[in-house]
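Q: Have a look at this one before I ask anything.
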Amino acid sequence: MAATKIIPIRSTEADAIAYIANPEKTDNGRLICTFGCSENPVRASADFERIRAKGTGRNKILSHHFIQSFSPGEITPENALQVGIELCQKFLGDEYQYYLAVHNDKEHIHLHCIFNNVNLVDGRTFETHADQGDKQHRKWVNLRTMSDEICKKHCLSVIENPENSKGKTYYEWDMDRQGLSWKAKLKFAIDQVVKESNNFEDFLQKCKARNIEVVYNPEHVIDLKFRLAGQQKFTRARTLGWYYETKQIIKRIDLYNGIIRTPEKSALIDTNSEKMKSSSALQNWAEIENMKRTSKALNQLTQYTEKGRESIEKKLFSAHTQIGFWVDKLNTLKTEIDDLDVKIKTAKKVWKLKPVMDKLKTLSGREKRRYESENQAEISAYRSSAKQLKELFPTGSVPTPESMEKKRNALAEERSIKHDKYLSMKAKVSELEKSRKTVDDYLRNQRNMQKKRKKDDLE
């Protein structure tokens, strides 16, 4: 059944377009369609920016990203692309640039569309031009209706009133569809809210709208806890992982909103310390050493900036964005791995205890009651695990533990490779930041020394 969701993009637009344009996911670019922009991801983002520069409004949102998913086996990638084009034409008309890509790398075909926030016709933003009125009449709400209409025309299944089904929102329905463990559901739900939030206070408010209960007490050591609707107990942020602790959530929100806070590091020797002031020889050595370190830092900065026209600040911003993107990918992979671990453990337990239940089915009367009494613990454990397995796989189609382990190992290998790349990039950025800070501090010290000399000369 076709499903849709929409996400605002406040930064990392070029990276987001590059992700959906991945040749490995789009059959080497064959499953891509664009309107008003290049098929090259970097150029497409630049095309978007040129229209935004001419726009009438100023908005933190650069573009919007919507996803349309289909049930496994019900549509071909080519037909999905046609459905996506029709949806874009109906939803966006000829008023917004868009980049459309179908992904065929997973069991279910799905498509991504990133469209500019600024209108081609009059330069107004999507929020002010097309997303006004009562909530039920807003454009993003109508996206799902439009999707359903097109899917029905193509004889594809749709979700009948997903938001009204047993009180579940679309996101809750989507997570249930995937058969995720409660922890994975909670983490994915939090991830969604982080991407949509302007700041931490806004994050706390939006959690309530997503049926995520939050307890936040900055005075306590355990300051943040979450609970999904229907969950009995609150879960500590720390239990979900460091990525869900308060400081990290704030950093992630800042990253999505284009706010980068770099650490203050310097390789310079402090020439103002009492030890240095007491020895002219040490002071001279420190000044010479600082000149050497500054020269090295300048060379590093020069090498870096020679590769492009952008300033060092823009390059650092881009590098931080890349790091954020990698961290997001690593976290998503870890969540998927953890979720598979739960499923594998549960499935193995069911398979292990199945012979006990098989034998129980062959018995009756007094013999059955005696067998139940003797094997009460195993039978209870089987029923509990079987119930959990049914919740994890609501369709009833349960993969073998071996196939899940194979998938889990592949994800773990992928994460290991990505983690190495992340560490390499992080090290380069850290070195670059240190070099920049070293140069800034040296130049500042030189200016202060010149001022002091002028003052001394006047006296």
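Q: For the subset of the stretch 208-223 comprising residues that are aliphatic (A, V, I, L, M) and surrounded by fewer than 16 Cβ atoms within 10 Å (Cβ to Cβ), which member is nearest to Val193 (Cα to Cα)?
A: It comes out as Ala209.
Q: Another question, if that's okay. Within the stretch 200-313, which helices (runs of 4 or more DSSP H) (wholly inside it) include 1 or more residues that are modelled with pLDDT of 85 or more and of a type in the set (D, E, K, R)?
A: Answer list for the stretch 200-313: 200-209, 237-240, 246-256.
Q: Name, by its number, the condition in (1) under 30 Å from Ser63 (Cβ atoms); (2) surrounded by fewer than 18 Cβ atoms within 10 Å (Cβ to Cβ); (3) aromatic (Phe, Trp, Tyr) that does not hold for Phe226.
A: (2)
Q: Out of Ile85, Ile67, Ile20, Ile32, I need the residue that is at pLDDT 90 or above and touching a His at 6+ places or on another chain (Cβ under 7 Å). Which one?
A: One residue alone meets the criteria, Ile20.
Q: From the residues in the stretch 13-60 that are more than 22 Å from Lys106 (Cβ to Cβ) and under 17 Å from the mean Cα position of the chain (by Cα), which one is surrounded by the most Cβ atoms within 10 Å (Cβ to Cβ)?
A: Only one residue tops the list, namely Glu13.
Q: Please verify whether the stretch 343-352 includes one or more residues that are under 21 Å from Gly241 (Cα atoms), outside the structural domain of Ala184 (by TED's automatic domain parsing), touching a helix residue (DSSP H, G or I) at 6+ places or on another chain (Cβ under 7 Å) and part of a helix (DSSP H, G or I).
A: For the stretch 343-352, residues under 21 Å from Gly241 (Cα atoms), outside the structural domain of Ala184 (by TED's automatic domain parsing), touching a helix residue (DSSP H, G or I) at 6+ places or on another chain (Cβ under 7 Å) and part of a helix (DSSP H, G or I): present.
Q: Looking only at the stretch 8-56, count how many residues are aromatic (Phe, Trp, Tyr) and in a loop (DSSP other than H, G, I, E, B).
A: Adding up the residues that qualify gives 0.
Q: Let me ask something else about it. Restricting the search to the stretch 57-87, which residues are small (Gly, Ala, Ser) and in a loop (DSSP other than H, G, I, E, B)?
A: If the condition is that a residue be small (Gly, Ala, Ser) and in a loop (DSSP other than H, G, I, E, B), then Gly57, Ser71, Gly73 are the ones that fit.
Q: What is the number of the single condition among (1) surrounded by 15 or more Cβ atoms within 10 Å (Cβ to Cβ); (2) closer than 20 Å to Trp182 by Cα that Pro394 does not meet?
A: Only one criterion is unmet by Pro394, namely (1).
Q: Whether any residue in the stretch 69-76 is within 30 Å of Asn198 (Cβ to Cβ), surrounded by fewer than 23 Cβ atoms within 10 Å (Cβ to Cβ), assigned by TED's automatic domain parsing to the domain that holds Thr12 and of a type outside the set (Gly, Ala, Ser) is what I want to check.
A: No, the stretch 69-76 has no match at all.
The values are calculated or read from the model by the stated rules, or taken from the named source; none is laboratory data. What you are looking at is a predicted structure, and each value in this text was computed from that prediction instead of being measured. Methodologically, a virtual Cβ is constructed for each residue, glycine included, from the backbone with ideal geometry; neighbour enumeration extends over all protein chains shown.
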